[in-house]
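In what follows, a structure is listed as structure tokens, so that the remarks can point back to it.
The values are calculated or read from the model by the stated rules, or taken from the named source; none is laboratory data. Everything numeric here is computed off the predicted structure, so don't read it as measured data. In this analysis, Cβ positions are derived from the backbone assuming ideal geometry, glycine residues included, and neighbour counts consider all displayed protein chains. Remember, those area values only see protein heavy atoms, side chains included, never the ligands or the DNA or RNA. Shrake-Rupley method; radii C 1.70, N 1.55, O 1.52, S 1.80 Å.
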Amino acid sequence: MPNIPLQNLLTEIRNCDLCTHDLPLGANPVIQVANTAKILIIGQAPGTRVHDTGIPWNDPSGKKLRQWLQLSDDEFYDENKIAIMPMGLCYPGKGKSGDMPPRKECAPQWHQKVFEHLSDLKLILLIGQYAQKSYLNDNYKTLTKRVVHATEAKVPFFPLPHPSPRNQIWLKKNPWFESKVLPELRKKIHDALKD
């Protein structure tokens, strides 16, 4: 049983400034959750556009993700069906080859508290290595190996690569992803949302 109502928890999360002094743009936690959600998307952390707008996956990566899932913007942003909670809730800053890793404080501080409100979940998408390493206790040494075996992941998890435009080379090297993994993913999405 959750300790506090979901709306109170979301207010706490959105007002969080736990690591604001370590963030180049300050704190702006981005999360989309309702206790009726059937699918949870756990990615890395918001980028600058998402930080500016407060809308999760509101960037080219999000557009590609919606294509993978075969969901319209309206479907994707229906918080009653789709919850979105990244590993790091705020933009972490620029790194050498993309954004910095998600801040380590977020997931331990908030994830379990949010999960207490998500009793109707049917599917959890783990996007990228940070989410997968946090939630999957498997023996795969690489994201590629994990995604090859996505359908064997412990229910309700489904691992995916990051849909970033930076991953075009990975997608070209791994055509099995679009031919084999995406059809399975879309079936799971459909099954999760049909109730």
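A few comments on the model shown:
- Heavy-atom surface of the stretch 59-99, accessible at 1.4 Å and reported per residue (Å²): 47
- Solvent exposure of the stretch 146-195 amounts to 60 Å² per residue of accessible area, where only protein heavy atoms count and the probe is 1.4 Å.
- Computing FRET efficiency as 1/(1 + (r/R0)^6) for GLN67 and LEU121, where r is the C-beta to C-beta distance and R0 is 22 Å, gives about 0.45.
- Cα extents for the chain along the principal axes, largest to smallest and rounded to whole angstrom: 43, 42, 34.
- Rolling a 1.4 Å probe over the protein heavy atoms of the stretch 73-195, with every protein chain left in place, gives an accessible area that is 50 percent carbon and sulfur.
- Reach of LYS122 by Cα under 13 Å, taken over aspartates and glutamates that are not fewer than 8 positions away in the same chain: ASP191, ASP195
- Of all lysines in the structure, those lying under 22 Å Cα to Cα from LYS141, and not within fewer than 8 positions of it along the same chain, are LYS104, LYS133, LYS154, LYS172, LYS173, LYS180.
- Two-site label geometry, GLN109 and ASP138: point separation in nm, points 7 Å out along Cα→Cβ: 3.0
- Under-5 Å amide H pairs with ALA27, H placed in peptide plane, nonlocal only: none
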